[in-house]
1. Inside the stretch 81-98, can you point out the residues that are surrounded by 21 or more Cβ atoms within 10 Å (Cβ to Cβ) and of a type in the set (A, V, I, L, M)?
2. Do we have any residue at all in the stretch 307-324 that's under 29 Å from Ala195 (Cβ atoms) and part of a loop (DSSP other than H, G, I, E, B)?
3. May I ask you to list the residues in the stretch 190-223 that are in contact with a Ser or Thr (Cβ under 8 Å, 6 or more places away or on another chain) and under 11 Å from Leu132 (Cα atoms)?
4. Specify which of the listed residues (Val392, Val372) is at negative phi and not in a helix (DSSP H, G or I).
5. Just to be sure before I move on: is Val39 in a loop (DSSP other than H, G, I, E, B) and surrounded by 13 or more Cβ atoms within 10 Å (Cβ to Cβ) in the structure I sent?
6. Can you pull out every residue in the stretch 277-299 that is acidic (Asp, Glu) and either in contact (Cβ under 8 Å) with a residue 40 or more places away in the chain or not in a helix (DSSP H, G or I) (or both)?
7. What pairs come up if the first residue lies in the stretch 173-189 and is within 16 Å of Leu128 (Cα to Cα), the second is surrounded by fewer than 24 Cβ atoms within 10 Å (Cβ to Cβ) and charged (D, E, K, R), and their beta carbons are under 9 Å apart, counting only those six or more places apart or on different chains?
8. Looking at this structure, is Ala56 assigned to a loop (DSSP other than H, G, I, E, B) and either under 18 Å from the mean Cα position of the chain (by Cα) or at pLDDT 95 or above (or both)?
Amino acid sequence: MAASPSEVGPDGEPLVHVDVPAEGVPPIVETPDALAETVRRLREGTGPVAVDAERAAGFRYSQRAYLVQLRREGSGTHLVDPIPLVDHLHELREVLNSLPWILHAASQDLPCLRELGLEPPRLFDTELAGRLLGRTRVGLGPMVGELIGVSLAKEHSAADWSIRPIPESARAYAALDVEYLTTLQELLSLELEKAGKTEWAEQEFEHVRQLPDAAPRPDPWRRTNSIGDVRSPRGLAVVRELWTVRDAIAQRVDIAPGRMVNDRAIVALASRDPLPQALPSSREWRKHDPEAWATAYERALSLPAAELPPRRGPSRGGLPEPRAWTRVNPPAARRLVAVREAVFGLAEEQALPQENLLAPATQRRIAWESTVPSPAEVNQIATRDGARPWQVEIVAEPLGETLARLAKESRGR
């Protein structure tokens, strides 16, 4: 049977499966002396440093890094446990903060690395490069397979990295995450240059590097799974109060909220009609802090009607939800359709995803705020909203012309 396209490398040959790093499985760097040796070897290496981090998402409340993987040409691979070394990282910071980094999906790892005082002066994001090149599969495994011909072991991709000791198989997985990043970066750099997208990539990488940590969402409890099943304002108050106390307890004990009480249990209770007069005595409400759960539920039931949450939450970026535009601002709704269609077409011409050509939020902003449609107006709105120069150069003129034409047609009706 012939191998599927996802199972062959760049030469058409079957992928070579790798589950152990070429230099063997590195030990965990967990003492000051071992860290000093890592720093010495990194200083003696050459070129950029490949960086990755492992968190315990889905297991712990915090998004801290529980392992930092580093690899530099001539220095080998290093697996640094930052938990026991948090007060000994100053020399590692001196080295890493002076070197260019290679990461895959940098925006996912930079916040937890920043918590450790680790920040790159410049970076190359292999996932983002893949997107700019129009690749349909931009995960690390598929890209290493397609470009290098290697199949990486991925069985620890959803592991609890807070557990100690870290088993050898997990250490092997972690080391492989940086084993091929330098080669991948070199190959992608050639592709970007050939496609005339090197400058685009540099602007995107710098944008990612400078992104601030995400601001807290307004009403984060509204992201509870299946909250749409809750029909009454009182039921929404139950969701809000139980979500809030769950978040506080989870943060205190550092457990992922969904591992304490999952969203399904909260919504199942809040959607009951009528609501129970007291919190049920089922097992999930007896864990960790039963009194806090009961108090939160009682508070939801006793709130006056004026303090119940509205059905609709705060708008995104100060704008109404797009589905409401036809009702609250019909001209903007028509502009949004035109903007989306134009950006989609431009993105196809440039062989990249439309969201990488112009962020959907910026598309909405242009459609909502356009008053005197022109390339200059589009340029101003997009730039203010954070679009990079290469994006503005591509979209400003055609979007301005599209919106001007739409305005002219509307006046002629």
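The values are calculated or read from the model by the stated rules, or taken from the named source; none is laboratory data. None of the values given here were measured: they were computed from a predicted structure. Positions of Cβ are backbone-derived with ideal geometry, glycine not excepted, and every protein chain shown enters the neighbour counts.
1. Leu92, Leu96
2. no
3. Matches in the stretch 190-223: Leu192, Thr198.
4. Answer to the check: Val372.
5. So Val39 fails the test.
6. Asp289
7. Pairs that qualify, where the first residue is within 16 Å of Leu128 (Cα to Cα) and the partner is surrounded by fewer than 24 Cβ atoms within 10 Å (Cβ to Cβ) and charged (D, E, K, R), are Thr182/Glu73.
8. Considered against the rule, which asks whether it is assigned to a loop (DSSP other than H, G, I, E, B) and either under 18 Å from the mean Cα position of the chain (by Cα) or at pLDDT 95 or above (or both), Ala56 comes out as yes.
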